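Peer 1: Dumping the structure here so I can ask a few things about it.
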Amino acid sequence: MNDSAAGGGNGGDGVARTPVGDGTRAVRAGLPEPVKHEPTLPGPVFAAHFHLPGDPTGPYTYGRDENPTWTLLERAIGELEAPGAQDADGVETLVFASGMAAVSSVLFSQLSAGDAVVLPDDGYQALPLVRDQLEAYGIEVRTAPTGGDAQLEVLDGARLLWIESPSNPGLDVCDIRRLAEAAHARGALVAVDNTLATPLGQRPLDLGADFSVASGTKQLTGHGDILLGYVTGRDRPAMAAVRSWRKIVGAIPGPMEAWLAHRSIATLQLRIARQNTSALAVAEALRGRPEVTGLRYPGLPDDPAHAIASRQMRRFGCVVSFVLPTRARAERFLDALRLVDDATSFGGVRSTAERRGRWGGDAVPEGFIRLSVGAEDPADLVADVLRALDASAH
Ligand SMILES: *Cc1c(COP(=O)(O)O)cnc(C)c1O
């Protein structure tokens with residue numbers, strides 16, 4: 001898929017302002033104006049403090065507040081999350097030490113005692129821990145499953161609706177635009193966890209959300225070697241509170257991680273093109289297997305989420321989930337894979353899979369497998385998965 005919508009961005013390179021495709025936008029995202037004898041993407045700036053004679057005015061004062069390497073990365077992510085809607089429209093991106101730092105910064109900066117929040121009951125596995133902490137602070141937590149619009153029944157009087165679509169690990173999808181309209185009609189803000197889709201797969205702000213929040217640890221950076229998070233938002237006061245929270249808790253990325261993330265985003269469209277196409281091929285191969293049940297991939301035409309997913313997503317992700325008959329069968333399958341590492345997380349160039357039930361916490365069957373498709377040759381991967389299924393039969 002190629003997107004030719006008007007490009008935006010304040011990268012200053014001109015290219016981001018003309019209509020470009022996603023590959024072009026990704027390779028140029030956040031680059032500064034070219035300067036003779038300077039590198040295209042300036043290296044990481046390692047500084048705890050910056051020269052600051054006189055009145056302490058920004059942008060760069062102290063390393064917990066701002067860093068030039070973050071600034072370029074924040075521009076890059078902003079250009080992908082909200083092309084054409086940068087500073088002028090009040091759209092802002094903030095980077096964090098991890099996805100959870102970003103998630104927590106939105107929740108804890110927007111909610112206070114007496115407020116109510118709606119969370120998914122089938123979302124990321126740390127959400128129940130967050131729930132306990134929110135409740136300890138006197139915030140009312142209501143939950144609803146991702147699919148099926150049950151959020152509508154618990155929205156009245158809520159201050160924030162939290163959506164994770166597609167959800168991890170169940171890969172369910174909800175109608176973001178519809179839920180955002182309902183939430184706004186009741187005066188609630190809307191945050192979407194965009195980790196699984198990435199900004200090239202889905203743009204929550206275009207669908208009406210106030211915040212797009214994500215773990216950059218996964219497919220956004222895609223090499224399984226850094227943790228990162230970000231928040232892109234359009235509501236200035238709300239984003240000012242998120243920025244203040246980052247400063248208060250100090251949940252900031254290191255300059256090296258920020259620079260590696262920016263470098264990795266250059267290949268985002270290439271990685272996604274390979275990984276997501278292979279994920280569909282793997283899902284199609286699994287569909288023909290009698291021992292596989294509960295197969296989910298939003299890109300499969302007969303997936304229960306496909307109709308909504310194809311309305312709001314431009315790409316369907318690199319994660320496939322399915323269930324094998326027993327825990328033992330699932331463990332033998334994982335053991336038998338040669339090209340797929342038995343490891344958690346997802347989105348990396350090297351395929352990984354795990355039996356999700358080993359963690360506890362997710363409401364999934366014992367034989368539930370979450371498979372993250374990497375950048376290997378698709379035929380090799382499909383062959384490895386089918387061979388491991390055969391080998392795990394007994
Ligand atoms: C991994 C993940 C997170 C947390 O991100 P970290 O970078 O591990 O802190 C949040 N939401 C979703 C959907 C995730 O998959």
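Peer 1: Just the accessible area per residue of the range 51-160, please: how many Å² with a 1.4 Å probe? Walk me through the intermediate numbers first.
Peer 2: On the way: 4510 Å² over 110 residues.
That works out to 41 Å² per residue.
Peer 1: Report, in degrees rounded to the nearest 10, the 0 to 90 angle that the Cα long axis of helix 236-249 makes with the longest principal axis of the chain.
Peer 2: With both axes taken from Cα atoms, the answer is about 80 degrees.
Peer 1: For the chain, which whole percent of the accessible surface, found with a 1.4 angstrom probe, sits on carbon and sulfur atoms?
Peer 2: Reported share for carbon and sulfur atoms: 54 percent.
Peer 1: Follow-up. Provide the net charge surrounding I226, with neighbours chosen by a C-beta distance below 13 Å and charges set as Lys +1, Arg +1, Asp -1, Glu -1. Don't jump to the answer; show the numbers that get you there.
Peer 2: On the way: positive: K218, R263; negative: D225, E257.
Net local charge, I226 excluded: 0.
Peer 1: If you average the sequence gap of Cα pairs under 8 Å that are 6 or more apart and divide by the length of the range 249-394, what percent do you get for the contact order?
Peer 2: Relative contact order, the range 249-394: 24 percent.
Peer 1: Just to verify a number: FRET efficiency for R327 and H184, C-beta to C-beta distance, R0 = 41 Å, to 0.05?
Peer 2: Working from the Cβ atoms, E equals 0.40.
Peer 1: Something else: Quick one: dipole size for the chain, taken about the Cα centre, charges +1 on Lys/Arg Cβ and -1 on Asp/Glu Cβ, in debye to the nearest 20.
Peer 2: Numbers: 38 positive and 49 negative charges, 89 e Å.
That gives a dipole near 420 debye.
Peer 1: Now for a separate question. With a cut-off of 8 Å between alpha carbons and a minimum separation of six or more residues, what is the relative contact order of the range 46-123 in percent?
Peer 2: Values: 39 pairs, mean separation 12.5, N = 78.
Once normalised by length, the contact order is 16 percent.
Peer 1: With a/c under 1.5 counting as rounded, go ahead and sort the range 193-269 into rounded, prolate or oblate using the C-alpha gyration tensor (a ≥ b ≥ c being the square roots of the eigenvalues; past the cut-off, prolate if a/b is larger than b/c, else oblate).
Peer 2: Details: a/c = 2.43, a/b = 1.16, b/c = 2.10.
Cα axes put the range 193-269 in the oblate bin.
Peer 1: Relative to the longest principal axis of the C-alpha atoms of the chain, give the angle of the C-alpha long axis of helix 127-136, reported between 0 and 90° and rounded to the nearest 10°.
Peer 2: That helix lies at roughly 50 degrees to the long axis.
Peer 1: Would you mind counting up the charge near K247? Only other residues with Cβ under 15 Å from its Cβ, with Lys and Arg at +1 and Asp and Glu at -1.
Peer 2: So the environment of K247 carries a net charge of -1.
Peer 1: If amide H atoms are built 1.01 Å from N in the plane of the peptide, which residues on other chains or at least 5 residues away come under 5 Å of the amide H of V45?
Peer 2: T69
Peer 1: By per-residue mean of other Cβ atoms within 10 Å, what is the highest-first order of 227-235, 160-168?
Peer 2: 160-168, 227-235
Peer 1: Okay, next question. Please calculate how many Å² of accessible area the range 216-361 carries per residue, with a 1.4 Å probe and no DNA, RNA or ligand atoms counted.
Peer 2: Details: 6010 Å² over 146 residues.
Value returned for the range 216-361: 41 Å² of accessible area per residue.
Peer 1: Same structure, new question: Which loop-located chymotrypsin sites (Phe, Trp or Tyr not before Pro) does the range 50-144 contain, where loop means any DSSP state but H, G, I, E or B and the Cβ has at most 14 other Cβ atoms within 10 Å?
Peer 2: Sparse-neighbourhood loop chymotrypsin sites (Phe, Trp or Tyr not before Pro): Y137.
Peer 1: Mark the label point 7 Å from the Cα of T344 along Cα→Cβ and return the residues of the range 244-275 whose backbone N is within less than 20 Å of it.
Peer 2: The answer is none, because no backbone nitrogen lies closer than 20 Å to the label point.
Peer 1: Would you list T69, T267 from the most to the least accessible area, probe 1.4 Å?
Peer 2: These residues rank, largest area first, as T267, T69.
Peer 1: Expressed as a rounded percentage, what relative contact order does the chain have, with Cα pairs under 8 Å and six or more residues apart?
Peer 2: With pairs under 8 Å counted, the relative contact order is 15 percent.
Peer 1: Rg to Rh for the chain: what is it, with Cα atoms only and Rh by Kirkwood?
Peer 2: Radius of gyration relative to Kirkwood radius: 0.97.
Peer 1: Counting only the heavy atoms of the protein chains, how much of R287 is accessible to a 1.4 Å probe, in Å² to the nearest 10?
Peer 2: The accessible area comes out at roughly 110 Å².
Peer 1: Sorted by mean Cβ packing within 10 Å, highest first, what order do the peptides 355-364, 320-329 take?
Peer 2: Values: 355-364: 15.9, 320-329: 19.6.
Top to bottom by mean Cβ count within 10 Å: 320-329, 355-364.
Peer 1: In the neighborhood of L134, defined by Cβ-to-Cβ distances under 13 Å, what is the net charge if each Lys or Arg adds +1 and each Asp or Glu adds -1?
Peer 2: -1
Peer 1: So for K247, K218, what's the accessible-area order with a 1.4 Å probe, most first?
Peer 2: Working: K247 95, K218 20 Å².
The ranking, largest first, comes out as K247, K218.
Peer 1: What angle, in degrees between 0 and 90 and rounded to the nearest 10, separates the Cα long axis of helix 268-287 from the longest principal axis of the Cα atoms of the chain?
Peer 2: 20 degrees
Peer 1: In a GNM of the chain with a 10 Å cut-off on Cα contacts, which of D172, D335, D55 has the highest mean-square fluctuation?
Peer 2: D55
Peer 1: Which of rounded, prolate or oblate describes the range 112-188 when judged by the alpha-carbon gyration tensor and an a/c cut-off of 1.5?
Peer 2: It comes out oblate by the Cα gyration axes.
The values are calculated or read from the model by the stated rules, or taken from the named source; none is laboratory data. Nothing here was measured: the structure is a model prediction, and the numbers come from that model. We place every Cβ from the backbone using ideal geometry, glycine too, and count neighbours over all the protein chains shown. SASA here: full protein model, heavy atoms, side chains in, ligands and nucleic acids out. Shrake-Rupley method; radii C 1.70, N 1.55, O 1.52, S 1.80 Å.
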